[in-house]
Amino acid sequence: MTSAVTIPRHGSTGGRTAVAARARQVVKAYGAGETRVVALDHVDVDIARGQFTAIMGPSGSGKSTLMHCLAGLDTVTSGHIHLDETEITGLKDKKLTQLRRDRIGFIFQAFNLLPTLNALENITLPMDIAGRKPDREWLARVVDTVGLAGRLKHRPTQLSGGQQQRVAVARALAARPEIIFGDEPTGNLDSRAGAEVLGFLRRSVDELGQTIVMVTHDPVAASYADRVLYLADGRIVDEMYQPTAEQVLDRMKDFDARGRTS
Amino acid sequence: MTVLKTSLRNFFAHKGRMALSAVAVLLSVAFVSGTLVFTDTMNTTFDKLFASTSSDVTVTPKGAKDGETPQSGVPQSLPASLLERARSAEGVKSAEGGVSSTSVTVVDSGNDNVGASSGAPTIAGNWTKNELKSMEITSGHAPRGPTEVMVDADTADKHGLELGDELRTIAQTGDIKARIVGIAAFKVTNPGAAIVYFDTATAQRELLGGTGRYTHILVTAAAGVSDAQVKENVTRALGGTYKIKTAAETADENRKEVGEFLDVIKYAMLGFAGIAFLVGIFLIINTFSMLVAQRTREIGLMRAIGSSRRQVNRSVLVEALFLGVVGSVLGVAAGVGIAIGLMKVMTAAGMNLSTDDLTVKATTPVAGVILGVVVTVLAAYLPARRAGKISPMAALRDAGTPADGKAGRIRAVAGLVLTGAGALALYTAGTADQAGDGALMLGVGVVLSLIGFVVVGPLLAGGVVRVIGAVLLRAFGPVGRMAERNALRNPRRTGATGAALMIGLALVACLSVVGSSMVASATGELDKSVGADFIVQGSQRIVPQAERAMQKSPGLEHVTRYKMLDATLTSPDGAKDDDGVTAADPTYAEDLRRPTTAGSLADAYSTDAMSVGSDYADKHGVRVGDTVTVAFEGGKTAKLKVAAITDDDTAIDQGARYISITTMQKYLPADRIPPNTILFAKARDGQEKQAYAALKQALDPYPQYQVRDQTDYKQELKDQIGQLLNLVYGLLALAIIVAVLGVVNTLALSVVERTREIGLMRAIGLSRRQLRRMIRLESVVIALFGALLGLGLGMGWGTTAQKLLALEGLNVLDIPWPTIIGVFVGSAFVGLFAALIPAFRAGRMNVLNAIATE
């Protein structure tokens, strides 16, 4: 099973295609000759719009690399990646930067916020950089959704880990990007704070129609997603819709066992 | 052992980050060792020169100093009869009469000065066998007869002189026109003196005003007789009324004079090197602070697994030691290069130096390395101590560097106390009525306020950066705001970086204020008091033939002679001083309008009358009508009646005592009357322009004198002070370069420290261009912060200095706003420049490195 093509789902926002991002025959390799390491091996994937997609896999499976390539943070060795109708493979840094700024949101595992800016400034930073005025109403709604109304003037160091990640979520949502990428967004949080953040992500998909792609190795986190993609050795080896934490865990144990016996 | 190993590994792991600190050490050490090598080389050159030019024993008149002509303008001399007596002394192989005068100017047929520039003497003398010790005739022959002259090869080369060219030697006793018949080259390096030789009779007649006299007698010892023995014998033969020196003593005396001059240069340059070191200290402190901060977790781990505080502390100091050694060793090597460069510059400026004489004393590298290492280790001490204080818990804490401590209350108090004390000292200096006490207070005030500003700098950083941000950065939107926040996030770092720049710029501001106040005061004074239209002065006191030419120049209402006379004065209360008197024509009262506090200046120019300055009058209770005893040197003693007391609140002729030329003539024999120091002239009404042109033409054969009207005189004054300031700015440039390196260093290290942040910003859409701009703006803010502090501090110092110097006639405070604003704006550009490489590197940073989870 080298590919998993998603059947377009209903409920996508009008006008745009149902696929928010797609990768075709994407290869990412490091080094050359003997030392060549293939992180992504001819990956084909479609990310459905308005869905919450989780990417799972053991360490070194290429899940982060896939996300970085989809998000235009990393270049591919070969293959094509489209964000909506825009092909991002081969774009120059300047265009890529603009694309990230205007069309993509990010949530990282740690160090999501600039320590010199307060929560609100961090939230509006992408728009500030772009020189756009934030949509006040939307901003208020986002802030309200993530429950930060009282802490907007706080600096990141004055916020707990969970609050910091909520600010990061708010930042990702505030600019209304076409797609949000999360790189282990709850990896540094305890289970309660993690659940909170994942809850927000889920709600933003359900209520705001946001498209989210999240890399994780936590079955519980993956269970918030609509769909889980499994990566191993740079290939997509399986997928699962509407997963529960138990199912995900079982599937992973399965891979683990297979990996050991083979 | 492990300490050494970790330190070494750390040093090499961060060699890039150490590079700028090493360059700072290198530059300062290079300047120090360059100065030492240069002055040692100069000393070697002069030693060789003096060793080769001194005869075994030299006899000169008592009181004659080499290179200094008595007030008469004619060198002191000895009767020729001494020569025979010297020859007959035991152990003397031969003796020659020498004639030489440094009070001459040599011009070519186009009336261009071919004499020495760059402060070296122009010497006219007779060609003796002794000269052959140090010179050889390279073309032509030695001069014979009154129309032949020989010139040294360096001068000939420099001015394109050839055999057959005519030279005119202008001496007090007249002009000597002669053709070049020979060119003689020095066998050793002659740094710059220009020398012309005549035969003995011509030299005697033309330079001393008559045959039968010599300025010195050159004695050669017979084989096997020591110089000291010959000196003793000659002394016995001549009697004790002469100065008799062995070759070694002559060389020592000459060397002492040159050495004093070179020492002044040496210490001045070392002073500037010291400033550069001071600035470098800030850079080193910052580097180590940042390295320690970035290594907090690592150090925490070391502590957790059992390193003691001392070990951590020492490991940082050992790194500093490596840095100091590497920087200093390279610095010493670069210093030799700097010395050679300086010699080339000097050569271009008209001096003649040879790298053959390059002298690197063993003490030079030793001093350079010790200085560099000690300064580096001392500078690293504070960060090292801070490293030692890192708790083992740091290993467990979250990554990222803690925004290191807010500047504490102790710092605030200490800084304010120091600044306050400095301000108080400056205030005391500004209001002092004794220049001496004031100067001390000024020094204390400068040092205290500087330290105070350095200490309080990090606290000021907050406010000042916000103000600069509000004014400047708003225009740049979020990028500007982030730049401001970045500059503010570590006030200690920004403070130290800015302080480094502050030091150099404070000195620039201070000197520019003093310099421009000097110009303004002098110009004001000139406007107020100078009535003369033209002022004539130059490198040689004005020879009679030039004076005659001037007297004959058409369109002049009057020409005022002005002579400085050596004399001992005894006031009515019995106090004696050797400050001499000034003899001038009565028209001088018009040429320089000096207000009097009592009496009339015109009366002071009548026979047997004089004027004194108000300070003198106050000090000794002298009133108009009192009698002052004036013992003229080389003349009679006069009792002169004080007819006027001049106000000493002036910059020109402060404290001068005037008598008339007529009075002088009554007490001084004609041959002791000195030439004029300066001549003034007034044009007939409405003929100023023609008279100026005519005067210039009349003095064209005497290029050693400059004719200036008031406008040109002011310009000249301005230019001279401007040149002096430029020289000092040039030397301060070193300190400023080190400070700029400091800004580069801080930014570069900050960029490394903020890798993840930069990655994050790039990931969420900050363009490279915006990122670079952010770093540039941060740099500009730091530079402007330093500039603002420095300029403020410097203007304070300069103003105080002016208030203090007002006692010496520096009445006008003139703050050169164009310079100050220029420096301020310039610092912004310096900031931009400093950010070039860090910004470029930040732009090149890989986004993924920054955000990838470990």
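The values are calculated or read from the model by the stated rules, or taken from the named source; none is laboratory data. Treat the numbers as computed from the prediction; the structure is a model and nothing was measured. Virtual Cβ from ideal backbone geometry, glycine too; neighbours counted across all protein chains shown.
What the table below lists for this structure:
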| item | result |
| --- | --- |
| Qualifying residue in region B:207-220 (condition: in a helix (DSSP H, G or I) and at pLDDT below 90) | yes |
| Hits in region B:460-489 (condition: within 14 Å of chain A (Cβ to nearest Cβ), within 26 Å of B:THR819 (Cα to Cα) and buried (at least 22 other Cβ atoms within 10 Å of the Cβ)) | B:VAL465, B:LEU473 |
| Any hit, region B:773-786, residues being outside any helix (DSSP H, G or I) and within 29 Å of A:GLY131 (Cα to Cα) | no |
| Within region B:140-192, strands (runs of 3 or more DSSP E) holding 2 or more residues that are touching a Leu at 6+ places or on another chain (Cβ under 7 Å) and either outside the structural domain of B:ALA349 (by TED's automatic domain parsing) or within 18 Å of B:ASN111 (Cα to Cα) (or both) | B:148-152, B:174-186 |
| Residues of region B:509-561 that turn out to be under 18 Å from B:TYR702 (Cα atoms) and touching a strand residue (DSSP E or B) at 6+ places or on another chain (Cβ under 9 Å), as a count | 19 |
| Count of residues meeting criterion [of a type in the set (S, T, N, Q) and surrounded by fewer than 22 Cβ atoms within 10 Å (Cβ to Cβ)] in region B:165-206 | 3 |
| Those residues of region A:23-81 which are of a type in the set (D, E, K, R) and part of a helix (DSSP H, G or I), in sequence order | A:GLU34, A:LYS63 |
| Hey, B:VAL444 among the β-branched types (Val, Ile, Thr), in a helix (DSSP H, G or I), out of contact with any Phe, Trp or Tyr (no Cβ under 9 Å at 6 or more places or on another chain) and over 30 Å from B:ASP615 (Cβ atoms) or not | no |
| Verdict on B:ALA251 being closer than 27 Å to B:ASN352 by Cβ, surrounded by 20 or more Cβ atoms within 10 Å (Cβ to Cβ) and modelled with pLDDT under 90 | yes |
| So B:VAL456, is it surrounded by fewer than 19 Cβ atoms within 10 Å (Cβ to Cβ) and away from chain A (no Cβ under 14 Å) | no |
| Single residue of B:ARG492, B:ARG541 found to be in contact (Cβ under 8 Å) with a residue 24 or more places away in the chain, closer than 17 Å to B:ARG466 by Cβ and away from every other protein chain (no Cβ under 14 Å) | B:ARG492 |
| Some residue of region B:638-650 being out of contact with any Leu (no Cβ under 8 Å at 6 or more places or on another chain) and in contact (Cβ under 8 Å) with a residue 60 or more places away in the chain | yes |
| Odd one out for B:GLN540, checked against (1) among the polar types (S, T, N, Q); (2) part of a strand (DSSP E or B); (3) within 26 Å of the chain's Cα centre (by Cα) | (2) |
| Matching residues in region B:221-247 - criterion: being surrounded by 15 or more Cβ atoms within 10 Å (Cβ to Cβ) and in a helix (DSSP H, G or I) | B:ASP227, B:GLN229, B:VAL230, B:LYS231, B:GLU232, B:ASN233, B:VAL234, B:THR235, B:ALA237, B:LEU238, B:ALA247 |
| Failed condition for A:THR145, given (1) surrounded by fewer than 21 Cβ atoms within 10 Å (Cβ to Cβ); (2) within 20 Å of the chain's Cα centre (by Cα); (3) within 19 Å of B:PHE476 (Cα to Cα) | (3) |
| Candidate set: region B:765-807, residues that are within 14 Å of chain A (Cβ to nearest Cβ) and small (Gly, Ala, Ser); chosen: the one nearest to B:TRP817 (Cα to Cα) | B:SER767 |
| Region B:203-226, residues that are out of contact with any strand residue (DSSP E or B) (no Cβ under 7 Å at 6 or more places or on another chain) and hydroxyl-bearing (Ser, Thr, Tyr) | B:THR211, B:SER226 |
